[in-house]
Amino acid sequence: MKQLTLYIIFFLVYNLNAQSNSVVILDSSTLKPIPFVSINFLNGFGIYTDDKGRADVTNDILKVEISHVDYLTSTIILNNNPTTIYLKKNVIELSEVVIEAKSTKKRIQRSKPKIGDKDNERAGLGSYGFEAAFYINNKDSNNSNSYLHALSIPICIDNMLMGNQQTKNVSNVLIKLTCYSTISNLPSERIYDFEQFFTLGPDKIKSGIFNLKLVNDLKIPEEGFFIVITLIGKLDKRGDLFVEYPYVEKQIDFNTVKILKSQPYAIPLLSSNNGVPTFIRNFFNKTGVWFAISPPVVRPKEFYFMTEKEKEEYVFEEKNKQKEYTVGIGYEIIIYQ
């Protein structure tokens, strides 16, 4: 009986290992691991490596796209064996964040965040690769020395997404903050050699607000820019990124479909009567299309059997039926005179 139990345990461990492919991402020059590299499965899903550049990819994923802002993007064919991938540095460098103030005189401009009513609509935040772009306007466009110093983003724990989970058991998640230019009131290209990581958790949300202080003040162009937050993944109890698959497989009408996992975080929405709305997208959707933020689109059973293009067209049509929303973010801007 003992031998049978050991055999079953061995078989399960062997079978689990056989189902996934271990991947490590290294810098081709320094041979050091690269943390938080995106691994796009090219099917609308993807994951990020941990702080040691590691991740596991199931054997049904045969080709992936590896990307990081500081490195050249690579498409890799996986061979179901442990794989070490070397990335080369990107020679195209983004502008550094430099304060060009000619005077030590400064004034601070603050805008308070707006949460709205507790019954307001909400947009889910918790799926891996989710991105939200918040427009920062340069209200003092005649002054070229305006710098973003801090942000206050309304975020809440959504009881509907929690199910039977208690707030104290909600996991912390890792958030990345980057900066994008604006063209035609839409996020365009990434600007500045800047990214900053934050831990978002129930204890980090104070009175419905998640406060972020930037390590580097970001110069605001005359036309303004977008601050983009990306949800990287769940953190374990030690504060390390817990690399897990972004979806679960379920049987619907005798077919296996992939359902996105989600953490119970949400963004309260306000009606956008004028100005630039907040935009969202999933980083792993290769079309790169930004949508105006809105409550979740109801997905019928048929949705899960659509192609990626059909899914995108369905979501686009449904969102066009909704009114425009925005997020009442707050911010602190330093203006050097």
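All of the numbers you see were taken from the coordinates with simple rules; none came from a lab. In this text the structure is predicted, and so the values were computed from the model without any measurement. As a convention, Cβ positions derive from the backbone with ideal geometry for all residues, glycine included, and neighbour counts pool all protein chains shown.
Below is a table of values for the structure above.
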item: Contour excess over end-to-end distance, with Cα ends at residue 303 and residue 193 and 0.36 nm allotted per residue; result: 35.7 nm
item: Summed side-chain charge close to residue 239 - residues other than residue 239 whose Cβ falls under 13 Å, Lys, Arg +1, Asp, Glu -1; result: -1
item: Fraction in percent of alpha-carbon pairs per bin - 10 Å, segment 216-271; result: 15, 27, 29, 21, 6, 1
item: Distant-in-sequence amide H partners of residue 224 (H built 1.01 Å from N, under 5 Å); result: 138
item: Backbone HN-Hα couplings from phi across segment 284-299 [Karplus 6.51/-1.76/1.60, Hz, Gly and Pro as x]; result: 7, 7, 5, 5, x, 6, 8, 10, 4, 4, 7, x, x, 7, 5, 9
item: Centre separation in Å (Cα based) which lies between segment 225-299 and segment 15-85; result: 21
item: Point-charge dipole on Cβ atoms (K/R +1, D/E -1) for segment 218-316, about Cα centre, debye to 20; result: 280
item: Dipole magnitude of segment 106-336, debye to nearest 20 (Cβ charges: Lys/Arg +1, Asp/Glu -1, about Cα centre); result: 660
item: Stretchable slack from residue 106 to residue 181, in nm (0.36 nm times residue separation minus alpha-carbon distance); result: 24.5 nm
item: Segment 25-41 - phi-based ³J(HN,Hα) in whole Hz, Karplus 6.51/-1.76/1.60, Gly and Pro as x; result: 10, 10, 6, 5, 8, 8, 6, 8, x, 10, x, 6, 7, 7, 10, 8, 6
item: Estimated vicinal HN-Hα couplings, Hz - segment 223-234 in sequence order (Karplus 6.51, -1.76, 1.60; Gly, Pro = x); result: 7, x, 7, 10, 9, 10, 9, 10, 7, 7, x, 7
item: Amide proton proximity set for residue 272, modelled H, under 5 Å, gap of 5+; result: 324, 325, 326
item: Three-way shape label, segment 106-336, alpha-carbon gyration tensor, a/c 1.5; result: prolate
item: Highest-first arrangement of 34-47, 323-336, 63-76, 289-302, where packing means the average Cβ count within 10 Å; result: 34-47, 323-336, 63-76, 289-302
item: By average C-beta atoms within 10 angstrom, highest first, the peptides 56-62, 264-270, 233-239; result: 264-270, 56-62, 233-239
item: Pairwise label distance in nanometres, residue 256 with residue 19, each label 7 Å out on the Cα-Cβ vector; result: 0.9
item: Interchain or long-range residues, amide H under 5 Å from residue 209's placed H; result: 155
